[in-house]
1. Filter the range 328-348 down to residues that are closer than 14 Å to residue 360 by Cβ and free of Cβ contacts under 8 Å to residues at least 40 places away in the same chain, then give me how many there are.
2. Say whether the condition of being more than 25 Å from the chain's Cα centre (by Cα) and surrounded by 14 or more Cβ atoms within 10 Å (Cβ to Cβ) is met by at least one residue in the range 411-426.
3. Return the total of residues in the range 273-314 being free of Cβ contacts under 8 Å to residues at least 40 places away in the same chain, under 30 Å from residue 168 (Cα atoms) and touching a strand residue (DSSP E or B) at 6+ places or on another chain (Cβ under 6 Å).
4. With the requirement that a residue be modelled with pLDDT of 95 or more and in a helix (DSSP H, G or I), what does the range 251-276 give you?
5. If you go through the range 382-397 one residue at a time, do you hit one that is free of Cβ contacts under 8 Å to residues at least 24 places away in the same chain, farther than 14 Å from residue 323 by Cβ and either in contact with a strand residue (DSSP E or B) (Cβ under 6 Å, 6 or more places away or on another chain) or surrounded by fewer than 21 Cβ atoms within 10 Å (Cβ to Cβ) (or both)?
6. Evaluate the following for residue 365: is it modelled with pLDDT of 95 or more and either out of contact with any helix residue (DSSP H, G or I) (no Cβ under 6 Å at 6 or more places or on another chain) or under 23 Å from residue 414 (Cα atoms) (or both)?
7. How about the range 342-371: which of its residues are over 10 Å from residue 390 (Cβ atoms), surrounded by fewer than 22 Cβ atoms within 10 Å (Cβ to Cβ) and touching a strand residue (DSSP E or B) at 6+ places or on another chain (Cβ under 7 Å)?
8. Residue 64 is checked against (1) buried (at least 20 other Cβ atoms within 10 Å of the Cβ); (2) in a helix (DSSP H, G or I) and fails just one. What number does that condition carry?
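The values are calculated or read from the model by the stated rules, or taken from the named source; none is laboratory data. Predicted model, so just to flag it, every value in this text is computed and none were measured. Note that we place each Cβ from the backbone using ideal geometry, even for glycine, and neighbour counts take in every protein chain shown.
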C-alpha cells in the first residue's frame, strides 16, 4: 500500500492542465455496449476508476484498450455477455451504468449492486424505477440486479427520476442510455442537469441518438433502431479543476488551471469571491492570484456553503472547500444537503489542527491561522484530496495513507502538484517502515 508524503509550507506557482472528466467518461465508456461499432475516447484520464470500468466491459466481451496516444478504444461487436459480476462492479459506483446499455442491447442484464466511496447510503432505486418504466421486469437477488426487457424490447415512457436528495446523475445517465434503443418516446422529468450528463447525451447524439433537452430537468429521447460508433473528447473534469483552484487559493500562489470550463464552476467561483480570494478567469482557464492566506489581515473570509445539484455548489468539492475554510478568518457553516454523512474527513482534518464541529448535516468550521502536519487516513476520493490540500499548507510533514482513493479521480496528483512547486512524493509504506 502506498501513501503521499507532503512537506508543507511551500508556495504553489505555475500552470496545470485539467484532464478529461472522470464522472463523464465512465458512463460514456458504458455507452460502447449500445453499438456494434467502435467508440473511441481521445482524452480518457489515467485513473483507476477508468481501468475498473474497462475491466467491467471486458468481462462483458466488449474490447477495451488504451492506445499509445492515450486514447481508449472500445468495441462490442458481438452480443455482449449479460453478467457484470461482483469482482469489478463492487469497486466503484459508476459501474452500474452498464445496466441500461446491457438491457437495451441484449434484452437482459444481471449486474452486481455497485460499490465505491463509503460516505452513506446511495441507493439505486431510481435507476430501477426508470428501467421498470421502460417496461423491464426488475428484481434484486443475491446481491444482483436482474432485469429483463419485455417481448419486443424496451418501450418509451414518461417518468420522474428526482428523489428526496434531488436528481440522480447516474440514474439519469443509465435510463437515458437505455431509452436510446427503446421503441417510441421517453421523457425524463427531474433529470440531472450536471455537465457530465449533458456530455454523455452529446456523445450519444453523435452516435445517432435523438435527444432533446440536455442540460435541463426535462430530457426527451426518441428511440432509434441502432447506434453507430464515434470519436469523442469528454469535457474537462470540473472537480479536478476546482481542487487545483482551491489548492492555489490555500497556498496564496499564482496557479493557473488550464483546459477547464469556468462556466461549470460558477458556484465555486462565486464562493471564492465571497471569501475574498483573488482570482482571474478566461474562457478555458482560472488563475488564483498571489496573496498571504496566513496573514491575519489577508486570510480568506469565512464563507458559508450548502451543497446542491448543478448549478449549485458541488458535493464533490465540499471537502476541499472545508480545507480552505480551516484557514479562514471567522466561522463558516457548511451544509451537506446531498450526502448527509459525507463528513469522514472532519476527524482527519482535526488531526492537522482544524477546529470543526459537526451538528447533523452541518459542519461548523472555526478558522485557524495555521495547520500542522500529521499522519492522516483517507476515507474516500474527495476526502483524500482535502487532506492533501491541507497538507500542502500545514507546517511540517503530512502523510496521507490509503492513497488508492485519490488515484480513482486524480491523474498522478503528486507529479502535477510537484510541477507547481509542492514538495510531495509517493512512497511505499512497507519500504519506509524498513528504513
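1. 5
2. Within the range 411-426, the first condition is being more than 25 Å from the chain's Cα centre (by Cα), and the residues that meet it are 421, 423.
Filter again for surrounded by 14 or more Cβ atoms within 10 Å (Cβ to Cβ), leaving 421, 423.
So far as the range 411-426 goes, yes, one or more of its residues are more than 25 Å from the chain's Cα centre (by Cα) and surrounded by 14 or more Cβ atoms within 10 Å (Cβ to Cβ).
3. 6
4. 262, 263, 264, 266, 267, 268, 269, 270, 271, 272, 273, 274
5. no
6. Working: modelled with pLDDT of 95 or more: yes; either out of contact with any helix residue (DSSP H, G or I) (no Cβ under 6 Å at 6 or more places or on another chain) or under 23 Å from residue 414 (Cα atoms) (or both): no.
The answer is no for residue 365.
7. If the condition is that a residue be over 10 Å from residue 390 (Cβ atoms), surrounded by fewer than 22 Cβ atoms within 10 Å (Cβ to Cβ) and touching a strand residue (DSSP E or B) at 6+ places or on another chain (Cβ under 7 Å), then 346, 350, 355, 356, 357, 361, 362, 364, 366, 367, 368, 370 are the ones that fit.
8. (2)
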